[in-house]
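Reviewing the structure listed below.
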Amino acid sequence: MIHARGLTKRYGTRTAVDGIDFTVEPGRVTGFLGPNGAGKSTTMRMIVGLDRPTAGTVTVGGHPYRSSAAPLREVGVLLDAKAVHSGRTAYKHLLAMGATHGIGKERVREVIGMTGLESVAGKRVKGFSLGMGQRLGIAAALLGDPGILILDEPVNGLDPEGVRWVRTLVRGLAAEGRTVLLSSHLMSEMAQTADQLIVLGRGRILEDAPVGDVISRTNGTTVRVRTNDLGRLAALVAGDGVTVNREADGSATLSGVTPERIGDSAAAAGLPIYELTVVSGSLEDAYLTLTADEVEYRSTAAEEIAR
Amino acid sequence: MSAATTHRVPTHALTTAHIAPDARLTFPRILRSEWIKLTSLRSTAWSLAMIVLTGVGLSLLLAATMDSAGLPDGPSVGFALSTVTLGVMFGQIIAAVLGVLAISGEYSTGMIHSTLTAVPTRLPVLAAKSVVLFALVTLVGLATLLGSWAGTYPMFAAEGIAVGLTEPGFLLAVLGAAVYLGLTAVFALGIGTVLRSAAGGVATVLGVILGLPLFLPLAALAFDWVVDVAPYLFTSAGESMASIPADLPAGAEAERGAPLAPWLGGVVVLVWTGVSLALAGLSLRRRDA
């Protein structure tokens, strides 16, 4: 479990993280979203003690990370794939990391096998592709078999097979009861992987809710209906906050009314229904709507995402 | 949506990991980690090989041409030492670069993030790096000096001025020179930790060990007190460590600016190194990684 209270980080006059409170629960994948510069990486760095909070606290498993007797056993972290000396081989890198905790060759070989690095383990990291660097970073995060995993953009630079592998791995880790905090800019990937979402914007939390709730709350739930008498249906379900939009294909999109009420009303009136579909929109839509409210950031965010 | 995807548990069973139940941080383990790090870089092997090659090479070269410089009448510990320790002059530059790189290489590559997440209290990393660097550079320095002595011995013997290791003061001076090299690397590690950059670190350390001894004689022309300070420079104190105690007539005062006694030279170099490490410790603890 990761627990932050009033967590704040200022660099001079710029506030990167602005007094945020959140809890990352075990047994599920928590997605960490936000435009570049929203404070995700800074927050992750504060969790593992690389940056010192200006105010507030953050704990892992109930205590500050720095006071852990076996940090790698508690938290595995991938902050940037390049947190490796490029002149060292992948094997020696992992061996040196593990040595601090008395974790030996067997476990190093195990994580090399798990991340599919066998063929390059003896090569110096200098020549690694971005994808191999990511795999090495993930191997390092798994080294101590930790109960908490913090992965910043783990699928960055991976091929589709690698992306699916990370998804399966991350889901599996959560299924084993581990705490997983994951950031990514790939919304479709996040929608498939995460259970819970924390959305940051300009250092503040915009949303902290299950993925489904974030999507439906932000986009609103709409229902697509096809019938032979749209005017009559509209009259049947009319009420406060109900809107009906006629679509070009003859169907209609209704919002502010549940599919149950539409179905029941139509059935009672003997009106035939040809289609009744709940449309919840995508996480990407929800994300863009949420972060677009951060007006100052809109242009920057759009630029950086496009990069 | 997550609920719609099927979640397969990965085939690799993470829970049966090969990790000993007592896996946690201890200082000997951090030492071992730093040893693996230092010895798994090609730059370390190159640097150490350079210390040996230049050290032994320069001594052999000097011994081969020593008659042109004028030989002592008989065996002289001072003369032999000046030949054997010649390579320290060059070796200290390599030791300094190695010391700076031991930490600046972590900052430039991002490795420091991995290092400090593994050891979040940070100071044990600095301590372990110091111990490992000191041990490795001192041992290689000692091997170089003994190699220089052994290599030049036949040439000295041919002139009838050979000096054995057991000659009073000789081995201690050789040891002093080796320890000086080791401390130079640790001093440089401290500076590198404060500055976090290879270029800045190397420039600063070379400024201290090479620049100050060049600059001070000039400064002494303007400020008289500089003469008294000169023996306490890092390099001057290091030269004292690698020398035999001066034979002063009983009751005589050493003249101003005379080299320090070997033991005092050692203390002075230790103080320089200690100050460097203290600044490094403060920087490492206080600043964000």
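In the set (1) assigned to a helix (DSSP H, G or I); (2) within 13 Å of chain A (Cβ to nearest Cβ), B:P120 fails one condition alone, (1). For the criterion of being among the acidic types (D, E) and either more than 9 Å from chain B (Cβ to nearest Cβ) or closer than 21 Å to A:A209 by Cβ (or both), A:E161 passes. The listed residues are B:A135, B:A158, B:A127, and the only one of them that is more than 12 Å from the chain's Cα centre (by Cα) and either under 14 Å from B:L60 (Cα atoms) or more than 14 Å from every other protein chain (Cβ to nearest Cβ) (or both) turns out to be B:A158. The residue that is surrounded by the fewest Cβ atoms within 10 Å (Cβ to Cβ), among those in the stretch A:190-245 that are within 14 Å of chain B (Cβ to nearest Cβ), farther than 13 Å from A:G31 by Cα and in contact with a helix residue (DSSP H, G or I) (Cβ under 6 Å, 6 or more places away or on another chain), is A:N219. Taking the stated definitions as given, is A:D285 assigned to a helix (DSSP H, G or I), surrounded by 13 or more Cβ atoms within 10 Å (Cβ to Cβ) and at pLDDT below 85? So A:D285 passes the test.
Picking from residues in the stretch B:103-121 that are among the small types (G, A, S) and over 17 Å from A:V125 (Cα atoms), the one that is nearest to the chain's Cα centre (by Cα) is B:S104.
For the stretch A:167-183, a tally of residues being within 9 Å of chain B (Cβ to nearest Cβ) and in contact with a strand residue (DSSP E or B) (Cβ under 8 Å, 6 or more places away or on another chain) returns 4. When the residues of the stretch B:38-65 are filtered to those that are over 14 Å from the mean Cα position of the chain (by Cα) and of a type in the set (S, T, Y), the one that is farthest from B:V140 (Cα to Cα) is B:T65.
Let's see how each residue does on (1) of a type in the set (G, A, S); (2) touching a Leu at 6+ places or on another chain (Cβ under 9 Å); (3) surrounded by fewer than 24 Cβ atoms within 10 Å (Cβ to Cβ); (4) without any contact (Cβ under 8 Å) to a residue 12 or more places away in the chain:
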site	(1), (2), (3), (4)
B:G105	yes, yes, yes, no
B:P124	no, yes, yes, no
B:K129	no, yes, no, no
B:L133	no, yes, no, no
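Looking only at residues in the stretch B:158-217 that are part of a loop (DSSP other than H, G, I, E, B) and without any contact (Cβ under 8 Å) to a residue 60 or more places away in the chain, the one that is surrounded by the fewest Cβ atoms within 10 Å (Cβ to Cβ) is B:T166.
Elements of the type strands (runs of 3 or more DSSP E) sitting completely within the stretch A:1-113 and holding at least 2 residues that are within 12 Å of chain B (Cβ to nearest Cβ): these cover A:2-11, A:29-33, A:75-78. Of the residues making up the stretch B:38-68, those that are under 27 Å from B:I112 (Cα atoms), free of Cβ contacts under 8 Å to residues at least 12 places away in the same chain and either away from chain A (no Cβ under 14 Å) or of a type in the set (K, R) (or both) are B:R42, B:A49. All of B:S236, B:S243 fail the test of being part of a helix (DSSP H, G or I), under 24 Å from B:S76 (Cα atoms) and among the polar types (S, T, N, Q), apart from B:S236.
If you go through the stretch A:17-48 and pick out every residue that is touching a Phe, Trp or Tyr at 6+ places or on another chain (Cβ under 6 Å) and within 13 Å of A:A4 (Cβ to Cβ), you end up with 2. Here B:T235 meets the list (1) over 30 Å from B:L123 (Cβ atoms); (2) touching a residue at least 40 places away in the same chain (Cβ under 8 Å) almost entirely, failing just condition (1). Please verify whether the stretch B:99-114 includes one or more residues that are closer than 30 Å to B:A173 by Cα and at pLDDT below 95. Checked against the condition, which is being closer than 30 Å to B:A173 by Cα and at pLDDT below 95, the stretch B:99-114 yields no hits at all.
The values are calculated or read from the model by the stated rules, or taken from the named source; none is laboratory data. Everything numeric in this text was worked out from a predicted model, so none of it was measured. Reconstructed Cβ throughout: ideal geometry from the backbone, glycine too, with neighbour counts over all protein chains shown.
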